[in-house]
Amino acid sequence: MSENAPTLPSTSRWPQRYTVVGMCFFAAFVCYIDRVNISVAAIAMQDEFGWSDTTKGLILSSFFVGYLLTQAVAGWLAKRYGAKLILGFAVAWWSVFTILTPFAAYASVPVLIAARIALGLGEAATFPASYGMFGRWVPQHESARAISLLMSGIPLGTLFALIATGWIVTQYGWPAAFYLFGAVGVLWAIAWFFLVYDDPDKHPRISAEERALLGANQTVETAPGHVPWGAFARSPAIWALCINHIASNTVLYIFLAWLPSYFRDAHGLSIAGAGLYSAAPWLTMFLMMNVGGWFADTLLIRGVNKTTVRKILQTSGLLGSGVFVLLVRDVDSAGVAVMLMCGALGAASLTVAGFGTNHLDIAPRYAGVLVGITNTFGTIPGIVGVAVTGWLVNATGSYDSVFLMVAGVNLVGIVVWLTFSSGRKLFD
């Protein structure tokens, strides 16, 4: 058995690390329902307020201003003041601004844009703080499964928001979606502060067996705010992470923004039909994320080198995703297209057990800060990639060039990852 996989001691008590991972998953879920609900509610809001498409686009994209600017800061704050405090405060913060969104919309467009930027500022802490918690609470041989479950909040939150928001808007009006979803986040924050502890050693309900299992994760923080910024900047493995965060997020953000439009434009489906067809790839992504996490951890338990495991998952995910999107170009059937889209997002989800877990491999003490840095780069496709997609579709009249762009970005990611990535601990 590999040194990466210590034997789990038996205990009848509920493992408290499962509570931490589960609560972080629900934080990611709430993050995405609060992020995505406006994409549906904005249809009714545009009709009521008379927004132009340009105004609506500005409102929808303003979220990323706050989200992009504070990723690394959120990771540093989580390391300096504790990931529990920062994540709990962040969820409460963005939930309040979700609830305030209707009031902001009725005030003016600039006030609404400010509220969306504030929402992004809060949501920027979700993954850096969660990684910070995992650095203390998740054993190395469980890290891929934990990160995969955390990231599962993305497709499930997206699906829930797309489906539930439409029903809520129809039944109760668009403001109700923001009130209800915001209330969910407030309730989560209350539960978080009661159930979760930063330090396993200080948890009153943890078993002795689990405390011993997590002992290897605990280090003495002589300088809690210290981060080796210069060493990060000089590390090829860190740059490989940044570039692969861009590559892995490119297909995610483009599909998130454009998948319904693709099915409507390329296959003539109604808006309802386009939404229905768009759901299947996100369900596939949820399933394959967790399959990939299980597979990666199984390889580690069987003694496969950690660097090899991360290279296998990352390259197979990018390669598979690129092949599937290229095959979509020659498809005339919506049914075949959705199957290939399921393959593309399913393959892309394997990268969560590749680059997505690698932060905990190479810098477990700084994982929250590191994911903040790489997710800053990973947000670029949400701004540039989504905008370029619209330009390419307008210029060419089809999505073929978009799929070529995705495959090309994936290829760059593969080459960089195979050349520079590492699974060894590089920063103590």
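The values are calculated or read from the model by the stated rules, or taken from the named source; none is laboratory data. Here the structure is a predicted model, which is why all the values come from computation and not from measurement. Here the Cβ is made from the backbone with ideal geometry for all residues, glycine too, and neighbour counts use every protein chain on show.
Details
- For the range 357-378, the criterion of a residue being within 19 Å of Leu256 (Cα to Cα) and either surrounded by fewer than 24 Cβ atoms within 10 Å (Cβ to Cβ) or in the same structural domain as Tyr67 (by TED's automatic domain parsing) (or both) is satisfied by at least one position.
- If you filter the range 157-186 down to residues that are buried (at least 19 other Cβ atoms within 10 Å of the Cβ) and more than 24 Å from Asp47 (Cβ to Cβ), you find that the one that is modelled with the lowest pLDDT is Leu159.
- Scoring Ile373 on the criteria (1) more than 22 Å from Gly66 (Cα to Cα); (2) modelled with pLDDT of 85 or more leaves a single failure, condition (1).
- Selection of first residues in the range 129-157 that are polar (S, T, N, Q) and of second residues that are outside any helix (DSSP H, G or I), restricted to Cβ pairs under 9 Å at least 6 apart or on distinct chains, gives the following pairs, ordered by first then second residue: Gln140/Asn4; Gln140/Ala5; Gln140/Pro6.
- When we screen Ser143, Ser95 for residues that are among the polar types (S, T, N, Q) and closer than 19 Å to Val65 by Cα, the only hit is Ser95.
- Cβ-Cβ distances below 6 Å connect the following pairs, each with a first residue in the range 370-383 that is closer than 18 Å to Leu426 by Cβ, a second residue that is aromatic (Phe, Trp, Tyr) and part of a helix (DSSP H, G or I), and a separation of six or more residues or different chains: Val371/Phe127; Val371/Tyr131.
- For the range 273-310, residues that are touching a Leu at 6+ places or on another chain (Cβ under 6 Å) and either within 17 Å of Ser421 (Cα to Cα) or not in a helix (DSSP H, G or I) (or both) total 2.
- For the range 84-121, the set of residues classified as over 11 Å from Gly182 (Cβ atoms), in contact with an Asp or Glu (Cβ under 9 Å, 6 or more places away or on another chain) and either touching a residue at least 40 places away in the same chain (Cβ under 8 Å) or not in a helix (DSSP H, G or I) (or both) consists of Lys84, Leu85, Ala105, listed by residue number.
- Every residue from the range 123-154 that is β-branched (Val, Ile, Thr) and under 14 Å from Leu370 (Cβ atoms): Ile147
- Positions within the range 331-344 being modelled with pLDDT of 90 or more and touching a Phe, Trp or Tyr at 6+ places or on another chain (Cβ under 6 Å), in sequence order: Leu340, Gly343, Ala344
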